[in-house]
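Visitor: Encoded as structure tokens, here's the structure I'll be asking about.
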Amino acid sequence: GRETMANLDARRRSAERIAIDAGHALLEYFDRGVTADYKGRIDLVTEADHAIDAFIRARLGDEFPEDIIISEEALPTPAEATVRGRQRWYVDPLDGTTNFVHGLPHWGVSIAWCSALNRTEVAVVYVPLAKELFSATLEGDATMNERPIQVTNVEVFHEALVASGFPYDFDGATNLDRWAAVTPLALSVRSLGAAAVDLCQVAAGRLDAFWEQRLEYWDTTAGCLIAARAGAIVTDLGGALVIGPANNVVVAGPSLHPLMLAALNPR
């Protein structure tokens, strides 16, 4: 059945506490420096990813024993078809691992809760170095450090600062063609390297749009709800509204979104 607002708020508060604690633990790793192993040719993972993943899973498991927890480092990841219709958390313990390993500040913790209706209903992203806590519920405003945030409503493409990214392997769709299509139209395009954080920057009005393809559900699920509650239109690349986990997304204010879709899907 439908979660009450009080229930969603309790879940949000809990996820916020866990994300902040996880973020503080990550800062200790960041300050002393970590070495990375390679999951794939250019896909890094560190002891911090594993430790924080286990920490968040343990905390969520204690507080919400009835829920499934799907996280980046807990393998094997269940197939989406097997968890549909079940209450579940999507956890990225460290979004932006490559930035983290290189000492760049753009990384964070992402936690989202999806109801049995397959809708994202609670979302939290914490960016420790900026001390910024983004959160939203399906019923409420998107906030940063408790203050409401709102997307921009840029109406002309050449005023839009857009972000995107690239997959970990270039065997399939590379995003290079879409990058080339958007770049001449926009003010500029950035590859900042942490999708969850990028989506929150759209929500906060610092970026005007974000798109990416071939992402994992834990990369986007929290950030998409936060952006949507801040007034963004959130769809997949085909233009279908995104209300639950998605692995390709186009996120922008109401005026810019159709322009983005058109640029990303040239006829």
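The values are calculated or read from the model by the stated rules, or taken from the named source; none is laboratory data. What you see is a predicted model; the values in this text were computed from it and never measured. Note that each Cβ is placed from the backbone with ideal geometry, even for glycine, and that neighbours are counted across all protein chains shown. Remember, those area values only see protein heavy atoms, side chains included, never the ligands or the DNA or RNA. Shrake-Rupley method; radii C 1.70, N 1.55, O 1.52, S 1.80 Å.
Visitor: Sort Met260, Met5 from largest to smallest accessible area, using a 1.4 Å probe on the heavy atoms of the protein chains.
Guide: On the way: Met260 0, Met5 120 Å².
Solvent-accessible surface, decreasing: Met5, Met260.
Visitor: With an 8 Å cut-off on Cα pairs and a minimum separation of 6 or more residues, tell me the relative contact order of the range 1-130 in percent.
Guide: Value for the range 1-130: 27 percent.
Visitor: Rounded to the nearest 500 deg cm²/dmol, what is the calculated helix-only ellipticity per residue at 222 nm for the chain, with -39500 (n - 2.57) per DSSP H run of length n ≥ 4?
Guide: Dividing the helical sum by the residues of the chain leaves -10500 deg cm²/dmol.
Visitor: For the range 86-192, with the dipole built from +1 on Lys and Arg beta-carbon atoms and -1 on Asp and Glu ones, taken about the Cα centre, which of Phe166, Asn153, Ser135 lies farthest toward the positive end?
Guide: It is Ser135.
Visitor: Using a 1.4 Å probe over the heavy atoms of the protein chains, calculate the carbon and sulfur portion of the accessible area of the chain as a whole percent.
Guide: The computed percentage sits at 53.
Visitor: Using just the C-alpha positions of the range 1-49 as equal point scatterers, what log10 of I(q)/I(0) does the Debye formula give at each q in 0.18, 0.24 1/Å?
Guide: Computed log10 I(q)/I(0) values: -0.69, -0.86.
Visitor: So what is the relative contact order of the chain, in percent, for Cα pairs below 8 Å that sit 6 or more residues apart?
Guide: 17
Visitor: Given a 1.4 angstrom probe, what's the average accessible area per residue across the range 123-240, in square angstrom?
Guide: Here the residues of the range 123-240 average 40 Å² of exposed surface.
Visitor: Taking a ≥ b ≥ c as the square roots of the eigenvalues of the Cα gyration tensor of the range 32-116, is the shape rounded (a/c under 1.5), prolate (a/b larger than b/c) or oblate? Intermediate values should be presented prior to the final figure.
Guide: Numbers: a/c = 2.37, a/b = 1.86, b/c = 1.27.
Since a/c reaches 1.5 and a/b is larger than b/c, the shape of the range 32-116 is classed as prolate.
Visitor: Express the relative contact order of the range 170-267 as a whole percentage, based on alpha carbon pairs under 8 Å and six or more residues apart in sequence.
Guide: Over the range 170-267, the number comes to 28 percent.
Visitor: If you bin every alpha carbon distance in the range 1-152 into 5 Å steps from zero, what whole percent lands in each bin?
Guide: P(r) for the range 1-152, in whole percents per bin: 2, 9, 19, 21, 19, 15, 10, 4, 1, 0.
Visitor: Let me ask another. Taking Cα extents along the principal axes in Å as the quantity of interest, determine which of [x] 73, 45, 39; [y] 49, 44, 36; [z] 54, 45, 35 was computed from the displayed structure.
Guide: Recomputing Cα extents along the principal axes in Å here picks out [y].
Visitor: As a test of understanding, state the convex hull volume per residue of the range 198-243 from its alpha carbons, in Å³.
Guide: Values: hull volume 3.1 nm³, N = 46.
Residue-normalised Cα hull volume stands at 68 Å³.
Visitor: Go through 72-84, 192-204, 50-62 and give me the packing order, highest mean Cβ count within 10 Å leading. Working shown, then result.
Guide: Details: 72-84: 12.8, 192-204: 26.9, 50-62: 17.6.
Ranking the peptides 72-84, 192-204, 50-62 by packing returns 192-204, 50-62, 72-84.
Visitor: Please say if the range 191-267 is rounded, prolate or oblate, where rounded means a/c under 1.5 for a ≥ b ≥ c the square roots of the C-alpha gyration tensor eigenvalues, and otherwise the choice is prolate for a/b larger than b/c and oblate otherwise?
Guide: The shape class here is rounded.
Visitor: Divide, for the range 101-230, the radius of gyration over alpha carbons by 2.2 N^0.38 Å, where N is the residue count.
Guide: 1.05
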